[in-house]
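Accompanying notes for the structure given below.
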Amino acid sequence: MASFDFVRDKLTEWNHSDLIQRFEDEEIDEESFLSLKEKDFINLIPKIGPRSAFREKHKAFIKKQKQPDDDKNIQAATWSSVSIKASKSSSENITGEMVNQEPRQKNIKPKNQTPKRSETKRSLDKLLGTCGGSVPTTNTSGVGETVYDQSEPSTCHGCRKEKRTKVQRKRKSDEAHANKQTNKRQRVAASRITETFETETKTEVKKIMQRVKSKLDDLPSTKLIDFLRGKIQTLEKDKKEIVGVFGKTGAGKSFLINTILGETKLLPSGNQGACTSVMIQVEANMTDSKYIAEIEFMTEEEWKEELLSILRDRSHEDGNDEDHERDDDDDDDEKISSLYGKDGRGATLEELMDRKHFRKIPEFRLSVKKIFICDTAEKLSETITCYTRSDTQSDTFKRQYWPLVKCITIKVPNSKDLLEDVVLVDLPGNGDCNKSRDEMWKSFVGNCSAVWIVSDIARATSEKESWEILDSTVSLFGPGGECRSISFICTKTDDIEENQKADARTCILRRNETTKRQVRDKFNKQKEVKKHFSGGKDFLQVFTVSSKEYQKEKHLQEEETEIPKLQEFLRNLNDRRTKTSGYVSGAYGILSLIEGAKSSDMTDSKEEVCQVLEQRLKDEIKSIGQTMDEAYETFERCLSEGVRQSEESCEKLMNKVIAPRGKKGCGYQVVKSLCKNGGVYKPKGKRERRREINLNESLASCMRSLIDEQFKIHFPNEGKGGPIREQIDTFTLDTNSLVGEHPGVSLHLTFLKTEETELKAKLIFDLREKKKKIYSTLTESIKDTMHRCYIRASEHAGKDSLKRMKDELHHHMKNNNIFRKAKEDMLVCLTNLKDHIMMQLKCKLQESMDLSLKTPNSSFLPDDVTVEYNKIKMYYEKLMDCSSTVQFTPRLDLHTKTTTFESQSGNGRKCVQVSTSVTMLNPEIVKELTTHDRKPTYRLQCPKAGLFQCSSTGLVFLMEGKGNVVYMMTQWDSSFLGSMTPAGPLFSIDCPEHSVRQLHLPHCMCDDEKLSVAHVTDGSMEIVQPLKTTATHVIINITHLSLFGLIRDVFSFLPVRSQVLLFFRPQGNRPQKRILNVMLLPKNVPLCEVEHQQKGSTFIQTSSNCTLSPRGKYGLCCELVANSRIQPTSGQFDYDYSPNFHPIFQVFLDGMSGKENIRQSLLDRGSNDQIVWECLIPTG
């Protein structure tokens, strides 16, 4: 590769060509060559003489390499300290020369380059022009001290002092800015090196896999050969992240996108009379340097249907009901006049569909895309203007085709850095009256990974339209979509008042900060939006941007325009590393299978491994099934209550839409249109910004409101993945644990590991897609049930037709159990999701096991892929190393699914990398340390380096090697806590081998609440900030062991995941009289601790999961049993981690035969006794 050519050339230049083979064997490329240290010299060059000569040359070369950057930094940092040792005339000449040599400012920066300018020099020139012309010089007696040439008298000593202060302040600012820019360049350079390596790696691996596929294609078909061919074809994943850009006309969306991409004239933007009228998606052109536009039209039939609707609305042929009203038709008139001009006035349907109007766009009639390819962005923009924009200010008619356009895809060259796996979509705020365009709009919104709301900064909080867009679309991109972040982008920050321009920068930045705070405050009041998201710290971001300042930098520095922040946002979405890792990992697994299938039979070993893996698969699937069953039960309870409430208030729900009190706009035309369009009415026109009316949504609103909280918990878009996603993430066959005992099948196990990883990624994708359908099921079910009713109602005409339409709707709703059917349909979808996940795991992994461990070794496999396998293995290991640089403390790498740390030993430090797959172990109770009066002491025997979880307490330990971890729960000392409170048990932990490097403490938070870790040692407590917080654990690095526990703010009342534990205790010697102790505890209190304390009582295994609020009041309801008493009637959930666990409620049961069942419900006293937990308890 080119990087090694550099090494070969250097060695030849330094007369060390005899070392080329040695460096090549050690795979020293350009990057590693520049990073060589003394110990590397010793290993590479054993002889002292050559080593000394090489060391000196290498040292001088590295110094020379660094020099240019250092010179630039010095120049940038000391620009304001201009040394001019001359007289008055010389000073003036030099100053004038400097001004003349200032580079001309460009209007736009080249893409991915930092523009060259001197803010310092401009300020210096301004200073010279206002204060008597004295030139700053550097005093040779004091480094960095600026004085002024006194050759020309100054009229004001105060002015000189002020000038000196300004220049000194400016110099400090420039030094800081230069350092910041240097750090930025270093980060960019490091990032580019990694990106280049990843790109080259993927390219090489693709070539190798193409050669392997060619070899497979030459072989006769067998089950294994066909499987391998299919795996190679599906290695490349084409899923892209979508960023939806919303905003009012004139907010600057197009200008913003142009600026981010470094293209001034890509998307049309400009006068207020012209606006973008269609959906435009912008992505990278990955093939050449051309600008491409692909225009997708609606079909002829779809346009004909839309014209029929327009003509029908104009003709008033639907009846003469007294409530009849005509909807605004601004949009319709604009479409007709844009496409047909004067020919459209009074034209019939046949005339409007005449082919002469579409002569220049034959693609429309052929239902194919129209494609334009241009050399420049400006040329492309001019070419597609008539397909993208509505221009109402043109004096002459020029046919515009945007009414026929469904969507436009623009492909931009040289934008791989930002858009390789990202698509920017410029979207209207509220869909479209045209059915096909509306369906595409909903699809885009539902697939948005991020949402940008763009608004003029002057109206960011006061303008209703931006906030209405957010409110009206949140159910589509929230629970019905996959949005992980919302960004509010305030544009035109450079637009300030004339009297503010004297101190423009300060005014702009001050307003930016004020606006950010106001936007965040207003967003926090949007309850209907916030309820759908857990709202992590990065979920809402506010940017204050200026495209003009980014291009010209008149008042603001580049970073202050915040355009670079949006570019970085896209880079973070443009996750090349994950895709590269996935591709290389999949290729490595395929070649491992081929190599393994050619090896000796190893029949006994294969059978044994297969049996172990099949049992593990069965156990893991069972665990996932239990989690899915719990989710089903939770939603079944919520939906049942939703059905009850909906049936009680159905008249109110319908009248809210078709007969709202005190409001106009729901007369004949609205109800008629609503019935014709399946319960949905989309208002036309721009004079009245009325929102969509959706009867199906209104009827489903009660049920939706009751499932929203649980839906957010089980299917969150952002932050934690929810219990189902968590089960998929933690699913593992743990193939690594079998390699040591069965080295002969290590290649087969490698393949199975990569198959498991790939399948889990696919299931997570499927989960995200299917949850969208689950959330929309309620409205879709109601729409389907009401379908025939809508058709019948739409046929009513003539006198009193409005009343008859409404009566038809009410009658059908009452007599068709629409709410019960909607509930059943949603539960069916949940069952289908469970079946899909379990079936995919069972079938796909069983197929992989059968092919790798049960298929006889085949001679029909290519016998010459060993070279390819070794190359892929090398790339795979290099990629893992590249993404896990050496750390002195453990570091979790989410892309490679490994944790890396440095291990200190007698031979020095060595890099240790372990899988993030967690191995569950059952702890041993240390009997000699555990008595009836003392808490249990556990011992976890960890056999090797890796992640190990205690099945009793939930603790996870990252081990650098074999070791025994001994731990127990102990008492919190409240005197240490101050304003904090425990958020988990306090554990005393020890490991004689000192091999624990990381600790994962289980937590029970539902939301992204900030947790800290208390580390208690030697009678004092320090607060440790977490390395990472997952959905279930808080992770910290540790250097020595003592007492560790989770803490949080004492004033936090956010709900926590909790558990209801039940224990039967007999009353004396009377078996028919028993007491049921009911305990309410946080989820991270270990059950084994409570059982140890409740000796003599019988633990009742039942569904225990619930969500409770700390210090909340709760009550207990006991049904299906006559002789029972409950005390107290209400109890407080204390969120307690003291070592003594007491029941909150006691149920006294008298005269029990042992055959009865008890139904118990936990009621939230603060929420009108809403049921938060219930179960059926057998007493036998």
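Count Lys and Arg as plus one, Asp and Glu as minus one, and take only other residues whose Cβ is under 14 Å from that of Gln1146; the net charge is then +3. In the assembled protein chains, Asp1164 presents an accessible area of approximately 30 Å² (probe radius 1.4 Å).
Computed 3J(HN,Hα) for region 474-490, one whole-Hz value per residue from the Karplus formula 6.51 cos²θ - 1.76 cosθ + 1.60 where θ = phi - 60°, is 4, 5, 7, 8, x, x, x, x, 9, 5, 10, 7, 10, 10, 9, 10, 8, glycine and proline marked x.
Relative contact order for region 1-64: 33 percent, from Cα pairs under 8 Å spaced at least 6 residues apart, divided by residue count.
All other residues whose Cβ lies under 14 angstrom from that of Ile42 are scored, Lys and Arg at +1 and Asp and Glu at -1, for a net of +3. Shown for region 477-536: the carbon plus sulfur share of the solvent-accessible area, taken with all protein chains present and a 1.4 angstrom probe, equals 42%. Solvent-accessible area of Asp575, all protein chains in place: 50 Å² (probe radius 1.4 Å, heavy atoms, ligands and nucleic acids excluded).
The fraction of Cα-Cα pairs per 10 angstrom bin, counted from 0 for region 419-474, comes to 20, 48, 28, 4 percent, rounded to whole percents. For Trp1173, the residues 5 or more places off, or on other chains, whose built amide H falls under 5 Å of its own are Leu1162. Packing order of peptides 240-252, 492-504, 798-810, highest average first: 240-252, 798-810, 492-504 (average count of other Cβ atoms within 10 Å over each peptide's residues). Taking amide H positions as modeled 1.01 Å from N, with prolines and chain starts lacking one, the residues under 5 Å from Glu993 and 5 or more places away or on another chain are Asn964. Between the amide H of Gln541 and those of Ile486, Ser487, Phe488, distances stay under 5 Å, these residues lying 5 or more places away or on another chain, with hydrogens modeled in the peptide plane. As an exercise, use a Förster radius of 41 Å and the Cβ-Cβ distance of Asp5 and Phe765 to find the FRET efficiency, rounded to the nearest 0.05. Efficiency, rounded to the nearest 0.05: 0.50. Principal axis extents of the Cα atoms in region 1-64, from largest to smallest and rounded to whole angstrom, are 30, 26, 21.
The values are calculated or read from the model by the stated rules, or taken from the named source; none is laboratory data. Remember, predicted model here, so these are calculated numbers, not experimental data. We place every Cβ from the backbone using ideal geometry, glycine too, and count neighbours over all the protein chains shown. All accessible areas refer to the heavy atoms of the entire protein, side chains included, with ligands and DNA or RNA removed. Shrake-Rupley method; radii C 1.70, N 1.55, O 1.52, S 1.80 Å.
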